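Inspection log for the structure reproduced underneath, given as structure tokens.
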Amino acid sequence: MIKALLLLAGAALVAFFLANRRKARAKAGVKIGFVLFVVFMVYAVLRPDDLTVVANALGVQRGTDLVLYALVMGFAFVTVSTYVRFREQELRYARLARSIALQNAVRPEDEPRATAVMPAADDDDRPRR
């Protein structure tokens, strides 16, 4: 039972995050989820016997295993979140660089004609025998 529950929770978190990553509700949901996760972890430390009862109800032998599963899910969520955020940031940088390049572009007809200017011959430039 716990395996199916964890897999469904993980899939739901990833789907929710990918679908709503730019919305304010998603950002608020992530913050609320983080606070709930921290509260759960503090409760698990303060009342480990209660956690074992919850773990047994979910089909896990020990409460520490349940905490481990929760930490794995939290780590997976943070990993996906960081990957998506960095990918979006790279896209923003690419768009910015493209925009700057287009703003500073010079048309070939606007370029000044290059004239070949030869340096004056100095005595030091003569071939030596």
Residue pairs qualifying under the 6 Å Cβ cut-off, at least six apart or on distinct chains, with the first in the stretch 54-67 being β-branched (Val, Ile, Thr) and the second being outside any loop (DSSP other than H, G, I, E, B), are Val60/Ile2; Val60/Leu66; Val67/Ala44
Name the residue that is nearest to Ala11 (Cα to Cα), counting only residues in the stretch 38-86 that are touching an Asp or Glu at 6+ places or on another chain (Cβ under 9 Å) and open to solvent by less than 90 Å² (accessible area, probe 1.4 Å). Ala55
Return the total of residues in the stretch 14-33 being surrounded by 14 or more Cβ atoms within 10 Å (Cβ to Cβ) and either part of a loop (DSSP other than H, G, I, E, B) or modelled with pLDDT under 70 (or both). 6
Quick one: is Arg98 closer than 25 Å to Val30 by Cβ and exposed (fewer than 12 other Cβ atoms within 10 Å of the Cβ)? no
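The values are calculated or read from the model by the stated rules, or taken from the named source; none is laboratory data. Predicted model only: the values in this text are computed from it and were never measured. Glycine gets a Cβ as well: all are built from the backbone with ideal geometry, and neighbour counts include every protein chain shown. Ligands, DNA and RNA are stripped out before the accessible areas are found, and what is left, the full protein with its side chains, is counted by its heavy atoms. Shrake-Rupley method; radii C 1.70, N 1.55, O 1.52, S 1.80 Å.
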